[in-house]
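Down below is the structure, laid out as structure tokens.
Computed from the coordinates by the stated procedures, all read-outs in this text should not be read as laboratory data. Just so it is clear, the model here is predicted, and its values are computed rather than measured. We place every Cβ from the backbone using ideal geometry, glycine too, and count neighbours over all the protein chains shown.
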Amino acid sequence: MTETPLWEVFIRPRNGLAHKHVGSLHAADEVLALQAARDVYTRRGEGVSIWVVPSVAITASDPDHAAENFEPTADKIYRHPTFYDIPDDVGHM
Amino acid sequence: MALFEAVLELADDHLVLGHRLSEWCGHAPMLEEDLALPNMALDLIGTARTLYDHAAKLEGRGRDEDALAYLRGEREYRNLLLCERPNGDFAHTMLRQLYFAAFMQPYWTAALGSADETIAGVAGKAVKEMAYHIRHAGEWVIRLGDGTEESAARMQEAVVELHPYTGELFEEGAAGDVAELPSRAVMRGAWTATLQPIFAEALLQMPEVPYPQTGGRSGLHGEGLGHLLAEMQSVYRAHPGASW
């Protein structure tokens, strides 16, 4: 089964929420990948919608670039919305 | 007692096939199928439990679902021969599942309107499960049939071996026609309509069957069922009445 492609699985837990990455699996094609995702990742009522994406389609950031990518934001606390009072009527954000 | 017997036949079909599927647990060719097959097994065993419980109440002689499932011998089991056929290779297992689900899906759809509330309730849950079993098994039959030379040969072998057992799907059981359950013979049209496009895509031929294999409904089984029951019933028979 070494040549069976790898797929990344995204599940939407319920309507109104975004699809979230839950894991990966092996399947020969996109139809079987969806079925496998249903069987492997939604056995306990986890979701209402599934996406599968070929793992090779994902371009990842280089861990060696972590310092230049992410550390410059550490001292820019003014970008966090913690300085504002959110009115109660706005509800969950 | 006709309804009791008819419900018992259905329950036996589901338990025996469910047990067969569960035998794949830990042995499937890949992790994904190792979860998918027990998922389908649990669908069938869940249906069997409700049906046994219902049958026990219809009988009204103090037997419960466990007594019906674990304390009857091979000759008392009334399941279709198709359901007890050994797993064989993956082609056999998937084709057996497709044959069964393609029958049960229209059957349960017709049973949605049953005057018996338990049967209508089971049907409501089972129609969705059977639709998925058709899809899952069907996609595999297509890929194996139209796959490599080896997989195509094995798929066609499975068809030749299992097709003779499909005629029994459409026969009324020993109990005969029961008002609360759909007539089995009329499902042939829907069954064929489900299979035809799958067989066409899988490049499979549906064989003529001069001598259909039947007998399950009268308790006449292949030698495999005795082994299956021996394994399935051993714990209950060693520890009757034990609970978790």
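Odds and ends about this structure:
- The alpha-carbon of A:K20 sits under 26 angstrom from the alpha-carbons of these lysines, leaving out residues fewer than 8 places away in its chain: B:K128.
- Binned Cα-Cα distances of the range B:11-93, short to long, each 5 Å bin given as a whole percent: 3, 15, 22, 23, 16, 10, 6, 3, 1, 0
- Global size of the range A:7-50 as Cα Rg and Dmax, reported in angstrom: 9.9, 31
- Here, the protein assembly as shown has an Rg and a Dmax of 24.6, 82 Å when only alpha carbons are counted.
- FRET E, pair A:A66, A:T4, Förster distance 25 Å, beta-carbon r, rounded to 0.05: 0.20
- The value of relative contact order for chain B, using C-alpha pairs under 8 Å at least six residues apart, is 26 percent.
- Ratio of Rg to Rh for chain B: 0.95 [Cα atoms; Kirkwood radius as inverse mean 1/r over pairs].
- Over chain A, equivalent-ellipsoid semi-axes from the Cα gyration tensor in Å: 34, 23, 8
- Rounded to the nearest 10 degrees, the inclination of helix B:31-59 to the longest alpha-carbon principal axis of chain B is 30 degrees.
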